[in-house]
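As structure tokens, the structure follows; a few thoughts come after it.
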Ligand SMILES: [Fe+2]
């Protein structure tokens, strides 16, 4: 992958393919002090005010830099590495982290909270692990004064919902969600009825005196990939039919139409949504619905099978951070006569974790 010059034109060459780079694309990237604020990395000019026909008057490559004189009189020195990074479509670290499939045989690697945690290399490694597996567990996280909110805000910003800035998961009378009972919860994703759905859930164990109430996790990515291989018809219909997810309480009615398996534009995995207590399938032809119901049943069997599920007890001070677009979570039932089980939860969005990861990469020169 390299930059080449020919007749005052700049080319990007990669694997025998050679493409001319638009002169205006380079002109937009001039980084002299009068054109780019070094502190914010924001432009000090508006490229839409410029004449689109600016050309390259003279160009040369000297070591790591591409030096260009443009026909509007502006000269600049651009870092070749930065330009080629943009061409390789690997300009964010997230795109370089492969998702790793896992099932019940996974050995969980825990992290440990310590002083200066949020600016440390451990935090960087934790975030990489999070993007690989869709969850991480951090031990020894302080539990006083709703520390979960501080934890979330030290990565990015809490995503507030109608459940509040954070929510307390313990059994209570007249709950507005089954999470607030002692019943078992089958694997599900949270809040599929929101737009947008919260990206990441944090769950912090404050007290756990019961023998049941084990936390469960399933990798929606692994199940999706296996379903695609084993039952392509089921996979196809679940990626096409949108169902209505609905949440109702005395203050709000939230509704959202979406597929149970959502794909990116290039047909790769994007997101799973699964919450069979609040989804409403649309009226379709009877044959199509017949296929849909078989597909959804199969998907549910996979999500609920022991093959894909890990089970573990969250101890006091354990914090579980999970990707709500990828992992499904649940719990086994417990007996609240045995003692207290008290978790606190909150949400953050991907810009928090991506921003933090990019920041730590830059700061620690990794
Ligand atoms: Fe949940």
Can you spot a residue in segment 249-258 that is within 13 Å of the ligand (Cβ to nearest atom) and either closer than 30 Å to residue 337 by Cα or not assigned by TED's automatic domain parsing to the domain that holds residue 139 (or both)? no
Counting only residues that are more than 12 Å from residue 87 (Cα to Cα), surrounded by fewer than 17 Cβ atoms within 10 Å (Cβ to Cβ) and in contact with a helix residue (DSSP H, G or I) (Cβ under 9 Å, 6 or more places away or on another chain), segment 9-23 contains a total of 1
Over segment 307-356, the set of residues assigned to a loop (DSSP other than H, G, I, E, B), out of contact with any helix residue (DSSP H, G or I) (no Cβ under 8 Å at 6 or more places or on another chain), farther than 17 Å from residue 213 by Cβ and away from the ligand (no atom under 16 Å from the Cβ) is 307, 349
Could you say whether any residue in segment 96-114 is without any contact (Cβ under 8 Å) to a residue 12 or more places away in the chain, closer than 18 Å to residue 351 by Cα and under 19 Å from the mean Cα position of the chain (by Cα)? yes
Taking segment 176-204 and keeping residues in a strand (DSSP E or B) and away from the ligand (no atom under 11 Å from the Cβ) leaves 200, 202, 204
What number goes with the only condition from (1) in contact (Cβ under 8 Å) with a residue 40 or more places away in the chain; (2) over 30 Å from the mean Cα position of the chain (by Cα) that residue 71 does not pass? (1)
Report yes if residue 168 is surrounded by fewer than 16 Cβ atoms within 10 Å (Cβ to Cβ), within 16 Å of the ligand (Cβ to nearest atom) and part of a loop (DSSP other than H, G, I, E, B), otherwise no. no
Do we find a residue being more than 21 Å from the chain's Cα centre (by Cα), away from the ligand (no atom under 12 Å from the Cβ) and either without any contact (Cβ under 8 Å) to a residue 40 or more places away in the chain or not assigned by TED's automatic domain parsing to the domain that holds residue 272 (or both) anywhere in segment 214-229? yes
From (1) more than 16 Å from the ligand (Cβ to nearest atom); (2) assigned to a strand (DSSP E or B), pick out the condition that doesn't hold for residue 359. (2)
Could you list all residues from segment 277-304 that are under 22 Å from residue 104 (Cβ atoms) and loosely packed, with under 14 Cβ neighbours inside 10 Å? 297, 301
Output yes when any residue across segment 263-272 is loosely packed, with under 13 Cβ neighbours inside 10 Å and at positive phi, and no when none is. yes
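The values are calculated or read from the model by the stated rules, or taken from the named source; none is laboratory data. None of the values given here were measured: they were computed from a predicted structure. Glycine gets a Cβ as well: all are built from the backbone with ideal geometry, and neighbour counts include every protein chain shown.
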